[in-house]
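What follows is a short report on a single structure.
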Amino acid sequence: VFCASTTRFQTQPNTHTPNLFPKKMDWPGLLKWSLQYQDGTTESNLAAMSEEDRKWITTAMEKYTFDDVEQMKIIGQVLRVPDDPSNPDDLSRKEDSLETLSVIVDNLDAAKNFHKVGGFVPLMDAMVESQYESVRRSSADIFALCCQNNTYCQVVAEQHGILGKILDVW
């Protein structure tokens, strides 16, 4: 289900990747609650945050934020692992990772970052070398998404000689 207020999908949990899309946070409610204590109608008693409060807010932020770059690094590592049809989890792990990646790289800057963290070349390799048809197809879709209107990714793809490889395989 695509959520109109964010660019994240709400997916069914899987066993291969961490919970990438936490439950929806009530950000308007949090803002309203915060403002009722700082609306200027009463004097504010601001003080340094206690260590316990600091730990709580750090835990809450880690739980309800999504680190695109870290996730792209993990996905790049998953794509680097050679295909192993004897492992029943191999295909689903790669498909789940590619599904997540397609959501992330929809942003032009994220597509550039995917290359910068070392994931773009393994994606191109999976597109032409994977034993799994679904992985090759998903990789090709994501590759097209990364390169569409993105000169940076187009140049990287050209430097990697991917066009010749695509023509040989497809």
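The values are calculated or read from the model by the stated rules, or taken from the named source; none is laboratory data. These figures come from a predicted structure and were not determined experimentally. Neighbour counts run over all protein chains shown; Cβ positions are idealised from the backbone, glycine included. Ligands, DNA and RNA are stripped out before the accessible areas are found, and what is left, the full protein with its side chains, is counted by its heavy atoms. Shrake-Rupley method; radii C 1.70, N 1.55, O 1.52, S 1.80 Å.
Of the residues making up region 133-170, just one is among the aromatic types (Phe, Trp, Tyr) and either in contact with a Leu (Cβ under 7 Å, 6 or more places away or on another chain) or within 21 Å of residue 92 (Cα to Cα) (or both), namely 143.
What about residue 13, is it part of a loop (DSSP other than H, G, I, E, B) and either at pLDDT below 75 or within 21 Å of residue 142 (Cα to Cα) (or both)? Against the criterion (part of a loop (DSSP other than H, G, I, E, B) and either at pLDDT below 75 or within 21 Å of residue 142 (Cα to Cα) (or both)), residue 13 qualifies.
Being open to solvent by 50 Å² or more (accessible area, probe 1.4 Å) and in contact (Cβ under 8 Å) with a residue 12 or more places away in the chain is the filter here, so list the residues in region 71-80 that pass it.
Let us first name the residues in region 71-80 that are open to solvent by 50 Å² or more (accessible area, probe 1.4 Å), namely 73-74, 77, 80.
Across region 71-80, the qualifying residues are 73, 74, 80.
The residues listed here are 83, 106, 125, 89; of these, the one that is open to solvent by less than 40 Å² (accessible area, probe 1.4 Å), of a type outside the set (S, T, N, Q) and in contact with a Ser or Thr (Cβ under 9 Å, 6 or more places away or on another chain) is 83.
Do we have any residue at all in region 115-128 that's within 17 Å of the chain's Cα centre (by Cα) and within 17 Å of residue 66 (Cα to Cα)? There is at least one residue in region 115-128 that is within 17 Å of the chain's Cα centre (by Cα) and within 17 Å of residue 66 (Cα to Cα).
Does residue 141 satisfy the condition of being open to solvent by 70 Å² or more (accessible area, probe 1.4 Å) and touching a residue at least 60 places away in the same chain (Cβ under 8 Å)? In short, no.
Looking at this structure, is residue 68 crowded, with 16+ Cβ neighbours inside 10 Å and either at pLDDT below 90 or aromatic (Phe, Trp, Tyr) (or both)?
Details: crowded, with 16+ Cβ neighbours inside 10 Å: yes; either at pLDDT below 90 or aromatic (Phe, Trp, Tyr) (or both): yes.
Yes.
Of all residues in region 92-103, count the ones that are open to solvent by 50 Å² or more (accessible area, probe 1.4 Å) and among the β-branched types (Val, Ile, Thr). Full working, then the answer.
Taking region 92-103 first, the residues open to solvent by 50 Å² or more (accessible area, probe 1.4 Å) are 93, 95, 99.
Among the residues that remain, those that are also among the β-branched types (Val, Ile, Thr) are: none.
Within region 92-103, residues that are open to solvent by 50 Å² or more (accessible area, probe 1.4 Å) and among the β-branched types (Val, Ile, Thr) number 0.
Look at region 144-170: where a residue is at pLDDT 85 or above and a partner is loosely packed, with under 12 Cβ neighbours inside 10 Å, sitting 6+ places away or on another chain with Cβ atoms under 8 Å, you get 157/163.
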